[in-house]
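Heads up, the thing below is written out as structure tokens.
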């Protein structure tokens, strides 16, 4: 669970991303997950950027002793492109995760998402949640 240390972790991710020329528009999350809205340069891929950010941030969090137990991100991620016209809506969704998840759990939301889009893999179970 990243709650309680989420803001420190988010700030570090933001700063690290900037050092790697990854432009983060916004970042936010809840107990067990983060959402990150970022722009890619033509020489960057989603997989490369997420591998870089997830790997470095988990290494940093463990080196800092940020969490009691060893911290690691799940192996899976979901990425989608966002049109310019939807940016404000996506920002609102990301920045209001605490309120949003008072109405629906992450697991419920992810289940609906998987059903709607036909996904069969459950990264929560693979990650041990």
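Read the figures in this text as sums done on the coordinates, not as results from a lab. Only a predicted model underlies this, so the values are computations on that prediction, with no experimental measurement involved. Cβ: placed from backbone, ideal geometry, glycine included. Neighbour counts: every protein chain shown.
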Can you figure out the FRET efficiency of residue 107 with residue 14, using R₀ = 30 Å and their beta-carbon distance, to the nearest 0.05? 0.65
What order, most packed first, do the peptides 88-96, 29-37, 42-50 have when packing is the mean number of other Cβ atoms within 10 Å of each residue? 29-37, 88-96, 42-50
How high is the relative contact order of the chain, given as a whole-number percent (alpha carbon pairs under 8 Å, six or more residues apart)? 25 percent
Give me the distance in nm between label points sitting 7 Å out from Cα along the Cα-to-Cβ direction at residue 87 and residue 21, one decimal. 2.0 nm
Within the range 25-41, find all residues whose amide N lies under 16 Å from a label point positioned 7 Å from the Cα of residue 60 along Cα-to-beta-carbon. 25-29, 34-38
Report, in deg cm²/dmol and to the nearest 500, the calculated mean residue ellipticity at 222 nm for the chain, where each DSSP H run with n ≥ 4 adds -39500 (n - 2.57) and the sum is divided by the residue count. -15000 deg cm²/dmol
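On average, how much area does the Cα convex hull of the range 6-126 cover when viewed from any direction, in nm²?
Details: hull surface 33.0 nm².
Quarter of the Cα hull surface area: 8.3 nm².
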Here the FRET efficiency for residue 68 versus residue 46, based on Cβ atoms and R0 = 30 Å and rounded to 0.05, is 0.45
